[in-house]
Amino acid sequence: MLPRPRSRGRPSSQAERDEAPSTSRGAGGSAWHGARRAPAAPSPGSGSGPGPAVGPRSQKQLELKVAELVQFLLIKDQKKIPVKRADITKHVLGEYRDVFPELLRRAAERLEYVFGYRLVELEPRSSAYVLVNTLEPVEADAALRGDQGTPTTGLLMILLGLIFMRGNAVRETEVWEFLRRLGVHPTRRHLVFGDPKKLITEDFVRQRYLDYRRIPHTDPVDYELQWGPRTGLETSKMKVLKFVAKVHNQDPRDWPAQYCEALAEEEDRARARAQASAPAAAPAPSS
């Protein structure tokens, strides 16, 4: 199990980590297994659902759902196709549909102030939304947000974050359990990504962004995904950790183990650059 972020006064029992429903599919935790943020002030009308079957939601549960909604909207935006409220309700909200306005408001704030996207409804009461880029895409910000001219970059960033936060390796079954909550299924053709299973387990592997390996002695057979060698050349653990932290509205240091690992990698890279740029030592004078 991964180290959890600092509690900031929050309980950290296993029962609490499992309390937040992810979608109508059932109970689930944070998208990256352990993401948390400090409780915010309660929002009017967001405490409970309209019927007796829906109990009160904690701020932590609402924030986890907001993080899931942000990821969903970032993926959907890759093709610049409007996102319908019905799709948001089906794939993300589930039994949280009664607090849709509050969750959408929080997600819109995070998208604008963190990622530089403004969530806009196309027409009044159209229930269809698009993301408008409000930032000049400088190289570092573009890499963090996934704005690199390819509709698969956002999905790749989310996968890299999942792998890193789960200890640098994640089972394929867990990957699909996670992606289903974002509307990406291994056996369904996706409007943006085409064949998602082929994209992740073949294309990304062939491009050396991911390594795809069979796990020995598993029945049924299972595979795991790790970062490929190309990933370390084009991004870093610190950049990916910052991406995860921004989605969850937290500080990268809230995950101490991952932060120390990313910081160590940054220091190693700095030493390697310094050694590469250092002038060669002068030859010793001959006697």
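The values are calculated or read from the model by the stated rules, or taken from the named source; none is laboratory data. These figures come from a predicted structure and were not determined experimentally. With ideal geometry, Cβ positions are generated from the backbone for all residues, glycine too; neighbour counts draw on all protein chains shown. These area figures cover heavy atoms from the full protein model, side chains too; ligands, DNA and RNA do not enter into them. Shrake-Rupley method; radii C 1.70, N 1.55, O 1.52, S 1.80 Å.
Quick one: is Val184 part of a loop (DSSP other than H, G, I, E, B) and surrounded by 13 or more Cβ atoms within 10 Å (Cβ to Cβ)?
Numbers: part of a loop (DSSP other than H, G, I, E, B): yes; surrounded by 13 or more Cβ atoms within 10 Å (Cβ to Cβ): yes.
In short, yes.
Regarding the stretch 273-280, can at least one residue be identified that is surrounded by 14 or more Cβ atoms within 10 Å (Cβ to Cβ) and either without any contact (Cβ under 8 Å) to a residue 12 or more places away in the chain or not hydroxyl-bearing (Ser, Thr, Tyr) (or both)?
Of all residues in the stretch 273-280, those surrounded by 14 or more Cβ atoms within 10 Å (Cβ to Cβ) come to none.
No, the stretch 273-280 contains no residue that is surrounded by 14 or more Cβ atoms within 10 Å (Cβ to Cβ) and either without any contact (Cβ under 8 Å) to a residue 12 or more places away in the chain or not hydroxyl-bearing (Ser, Thr, Tyr) (or both).
Consider Thr134 carefully, then state whether it is at pLDDT 75 or above, of a type in the set (S, T, N, Q) and open to solvent by 50 Å² or more (accessible area, probe 1.4 Å). Give the steps one after another, and end with the answer.
On the way: at pLDDT 75 or above: no; of a type in the set (S, T, N, Q): yes; open to solvent by 50 Å² or more (accessible area, probe 1.4 Å): yes.
The answer is no for Thr134.
Take Thr150 and tell me if it is at pLDDT below 85 and touching a Gly at 6+ places or on another chain (Cβ under 9 Å).
no
Taking Val184, is it touching a helix residue (DSSP H, G or I) at 6+ places or on another chain (Cβ under 7 Å), in contact (Cβ under 8 Å) with a residue 60 or more places away in the chain and under 30 Å from Lys60 (Cα atoms)?
On the way: touching a helix residue (DSSP H, G or I) at 6+ places or on another chain (Cβ under 7 Å): yes; in contact (Cβ under 8 Å) with a residue 60 or more places away in the chain: yes; under 30 Å from Lys60 (Cα atoms): yes.
Answer is yes for this residue.
Can you name every residue in the stretch 215-263 that is among the hydroxyl-bearing types (Ser, Thr, Tyr) and loosely packed, with under 14 Cβ neighbours inside 10 Å?
So in the stretch 215-263, the residues among the hydroxyl-bearing types (Ser, Thr, Tyr) come out as 218, 223, 231, 235-236, 259.
Thr218 - this is the single residue of the stretch 215-263 that is among the hydroxyl-bearing types (Ser, Thr, Tyr) and loosely packed, with under 14 Cβ neighbours inside 10 Å.
Exactly one condition in (1) more than 30 Å from Arg213 (Cα to Cα); (2) among the basic types (Lys, Arg); (3) modelled with pLDDT of 85 or more is not met by Arg166; state its number.
(1)
For His190, work out the one condition from (1) at pLDDT below 85; (2) loosely packed, with under 13 Cβ neighbours inside 10 Å; (3) farther than 20 Å from Asn168 by Cα it doesn't fulfil.
Here His190 meets the rest and fails (2).
Which is at pLDDT 90 or above, assigned to a strand (DSSP E or B) and acidic (Asp, Glu), of Glu224, Glu202? Step through it out loud before you land on a result.
Values: Glu202 fails: assigned to a strand (DSSP E or B).
The conditions single out Glu224.
Hey, among Ile158, Ile88, which residue is within 16 Å of the chain's Cα centre (by Cα), open to solvent by less than 50 Å² (accessible area, probe 1.4 Å) and either modelled with pLDDT under 85 or not basic (Lys, Arg) (or both)? Before the answer, list the steps.
Working: Ile88 fails: within 16 Å of the chain's Cα centre (by Cα).
Being within 16 Å of the chain's Cα centre (by Cα), open to solvent by less than 50 Å² (accessible area, probe 1.4 Å) and either modelled with pLDDT under 85 or not basic (Lys, Arg) (or both) holds for just one of Ile158, Ile88, which is Ile158.
Within the stretch 66-85, can you find the residues that are surrounded by fewer than 17 Cβ atoms within 10 Å (Cβ to Cβ) and modelled with pLDDT of 85 or more?
Answer for the stretch 66-85, where residues must be surrounded by fewer than 17 Cβ atoms within 10 Å (Cβ to Cβ) and modelled with pLDDT of 85 or more: Lys84, Arg85.
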